[in-house]
Structure formats: C-alpha cells, structure tokens
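Colleague: Take a look at this one; I'll ask things after.
The values are calculated or read from the model by the stated rules, or taken from the named source; none is laboratory data. Just so it is clear, the model here is predicted, and its values are computed rather than measured. Ideal geometry is used to build each Cβ from the backbone, glycine not excepted, and the neighbour counts take in all protein chains shown. We work out accessible area using only protein heavy atoms, side chains counted, and drop any ligands, DNA or RNA first. Shrake-Rupley method; radii C 1.70, N 1.55, O 1.52, S 1.80 Å.
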Amino acid sequence: MEKTIEDPPTSAILLDHCHFSQVIFNSVEKFYIPGGDVTCHYTFTQHFIPRRKDWIGIFRVGWKTTREYYTFMWVTLPIDLNNKSAKQQEVQFKAYYLPKDDEYYQFCYVDQDGVVRGASIPFQFRPENEEDILVVTTQGEVEEIEQHNKELCKENQELKDSCVSLQKQNSDMQAELQKKQEELETLQSINKKLELKVKEQKDYWETELLQLKEQNQKMSSENEKMGIRVDQLQAQLSTQEKEMEKLVQGDQDKTEQLEQLKKENDHLFLSLTEQRKDQKKLEQTVEQMKHNETTAMKKQQELMDENFDLSKRLSENKMMYNALQREKERLEGENDVSKKVLPPACSPSRNALSANQMIFVITPGSNSRCRPFV
C-alpha cells in the first residue's frame, strides 16, 4: 500500500449510502499489465464541484467503507470548472504502489468528507496473454481451476449485483436531479415574483416620498404665512403700546392738573369768608372737578386693564410664535431625514401626523387663551 505523508479523509459510511454517478471514469481497461504505471481518466458531471481534499483510490472489489483503499492519489483541481475541457481529468498511479495479485479492483472518487462520488468498472492486474495459457496436468489442478472458476462466477454475480445497485442509484440520482431542477425553476419563479414585488414596493415608496415632499412644501408655505401673521401682530402690538404710552402721558397730565386744582381749592377755602357770594359757584366747580377726577380715574383704570390685556396677548403671541418656530424646525428636520434615507414603510398613522399639524387659535377678550386645534 502506498505510504504518504498525509492520509486521505475517509469515512465509515457504508456502500449503500454512497453516490456513484457524480464522477464518471472513462477508458477503464479490463486488465492492466503489472510493472507499468496506470493512468486513470475521469469526468466531472455538471452539478459536481471538486474540493481540495478530494482523492482517487484503488479498492479491492467487495469493499464496504472508504477506509479499505489499497492506494490513492490526490485530485488536481481545475482552474476553470466552466470550461468543458476542465471537466476531463486524469491521475497517474506509479507501478511501485499498485497491487501485485490478480484480484479484481476498481477506481473510486472520494470527496473530502470521505463519501464516494464515483466508481469504475472492475479490472485486474495480470499479463496480457494469461488467458491464452491453460495447462492441465492433474485432476487436482482441474478441480482447483473449477473451484477458482466457481469463485470467479460468484464474484462476477456480485459484480453484476453491484452494477444493478449502481444503476439503481444512478436512476435515483437522476430523479433527484430532476426534482432539484424543478425546485430550482420554482425558486426562480418565486425570485421573479419577489423582484416584481420589490419593484412595486419601490414605486410605492417613491410615490409616498413625492407626497411627503408636496406636504412639506405646503407646510413651509403655511409657516411663511404664519410668520407674516406674527409680524403683523407684532406691528399691531407695537402700535398699541405707543397708544398706551400716549394715554399714560395724558393721564399724568390730568393728574398734574388735578393737583393744581386741589391747590386752587385750598386757596379758595382760605378766602371763603371773603367770597361767600361765589361759594356756590366754587362748590359747583369743586363738584365738577371731583366728577372729572372720578371720570379720569375710571379712564385710567380702563387704560391699565387694556394695557394688561395687551401685555397678556403679547406674551401669548410670543408663545405661539415659539411653538410654530419649533414645529417648523421639526418638519424641516424630518424632511432632511426623508431625503437622505428612504423609509422602510410609510404607515397611515405617520401620514396622518404629518397632515394634521397643530394650529393655534387666538380668541380676543380679557379671558383669551392660546389653544391648539387639531
């Protein structure tokens, strides 16, 4: 048996579980002359892919597992398996390592998992003219030859049975190959359907993205309108503040006038004894001035209330402006994200959130509130 640095991968898998139709041996002779090198020719089938640790062994007929090889050679991997010439391979066994007896042997292709992928027809190692030499000298030799012929017939029957088994396995492999091809066609059909579905989904996402862009443009336009409205409210508020300052200034003038009238009233009271005749007029004048003072105080209170309402409305308008500014920034951020990353799905709830934005309604009056309307 051949001595090698590294033993080939073998397996304890029995003969019945091997596959003999994936590698085909070609030009196998019925016998090989001892003392000469033997070249083994083999072909890879369409769906078989060789691997680095594959090997070809010479087995004595009747072997049960791949551990029973006599000698072996490593397989040389072809550079391009798609090339038709690459499927035709050969390996040479040196004469020194070949069997020296006349038993029947066969080539077997074993993959790196220790499983047989192909087997040749049986052959022998004997001289070419051995069949032409037959010398019978004694009855004992005749009986021995007959016994040998019986054993050969028995081995021949075993080989026939093995051949039938190989043919059955080949038929099973063909059926399995046909089944795999049908499964492959089914998978290709499913793949085409999936590609069509992916294309439809992509078109749907592009439509949704276009709608989102239109909604974003619409919201940007509404934000610009709201910004203009805020500017108008700020201008109106500034005008009202100026009017309020004028009213406050007028109230101060009236207060100074009232002080002056009080001083005059005191002077009149000091000269009351001298001006009794004018007392009634002065009293009427005082009453009128008190009435004017009351009216001025009411007007001042109204102006203060109006000033308070205007300040409150200004604060609420500023809050509304800040809320609208934050909503605008959030929408711009979402728009930038939708431009950079295609969303996996556009759910109806998200569309509803984008379409139904928060709108603030201002109700005039002393009890006005900035409330959202959805």
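Colleague: Would you tally the net charge around Gln178, using a Cβ to Cβ cut-off of less than 15 Å, leaving Gln178 out, and scoring K and R as +1, D and E as -1?
Modeller: Working: positive: Lys179, Lys180; negative: Asp172, Glu176, Glu182, Glu183, Glu185.
Neighbour charge sum, excluding Gln178 itself: -3.
Colleague: Then there is this: So if R0 is 56 Å, what FRET efficiency would Glu283 and Val230 give, r being the distance between their Cβ atoms, rounded to the nearest 0.05?
Modeller: On the way: r = 56 Å, r/R0 = 0.99.
So, using R0 = 56 Å, E works out to roughly 0.50.
Colleague: Now for a different question. So if we plug the beta-carbon distance of Ile49 and Asp7 into 1/(1 + (r/R0)^6) with R0 = 25 Å, what FRET efficiency do we get, rounded to 0.05? Walk me through the numbers on the way to the answer.
Modeller: Values: r = 23 Å, r/R0 = 0.93.
That gives a FRET efficiency of 0.60.
Colleague: Sticking with this structure for a sec: Suppose R0 equals 22 Å; then what is the FRET efficiency for Gln181 and Asn26 from their Cβ-Cβ distance, rounded to the nearest 0.05? Walk me through the numbers before you get to the answer.
Modeller: On the way: r = 25 Å, r/R0 = 1.13.
Taking R0 as 22 Å, the efficiency between Gln181 and Asn26 is 0.30.
Colleague: For the residue pair Ile33 and Asn156, what label-to-label distance in nm results when each label sits 7 Å from Cα along the Cα-to-beta-carbon direction?
Modeller: Placing both labels 7 Å along Cα→Cβ, they lie 2.6 nm apart.
Colleague: Under a 1.4 angstrom probe, counting protein chains only, how are Asp7, Asp251 ranked by accessible area, largest first? Don't skip to the end; give the middle numbers.
Modeller: Values: Asp7 105, Asp251 25 Å².
Descending accessible area places them as Asp7, Asp251.
Colleague: May I pose another question? Where Lys and Arg each count +1 and Asp and Glu each count -1, what net charge lies around Glu329 among other residues with Cβ under 15 Å from its Cβ?
Modeller: Working: positive: Arg326, Lys328, Arg330; negative: Glu222, Glu224, Glu327, Glu332, Glu334, Asp336.
Neighbour charge sum, excluding Glu329 itself: -3.
Colleague: Using a simple spin-label model with points 7 Å from Cα along the Cα→Cβ vector, what separation in nm is obtained for Ser220 and Ser315?
Modeller: It is 3.6 nm.
Colleague: A further question on this structure: I want to check a number: in segment 214-296, how many lysine pairs have alpha carbons closer than 24 Å, given a sequence separation of 8 or more or different chains?
Modeller: The result is 18.
Colleague: While we're on this one: What would the Debye formula give as log10 I(q)/I(0) at q = 0.22, 0.24, 0.25, 0.28 Å⁻¹ for the alpha-carbon point model of segment 245-294, no solvent?
Modeller: So the normalised log intensities work out to -0.79, -0.88, -0.92, -1.04.
Colleague: How would Asp309, Asp161 line up by accessible area, probe 1.4 Å, largest first?
Modeller: Working: Asp309 45, Asp161 85 Å².
Result of the area sort, largest leading: Asp161, Asp309.
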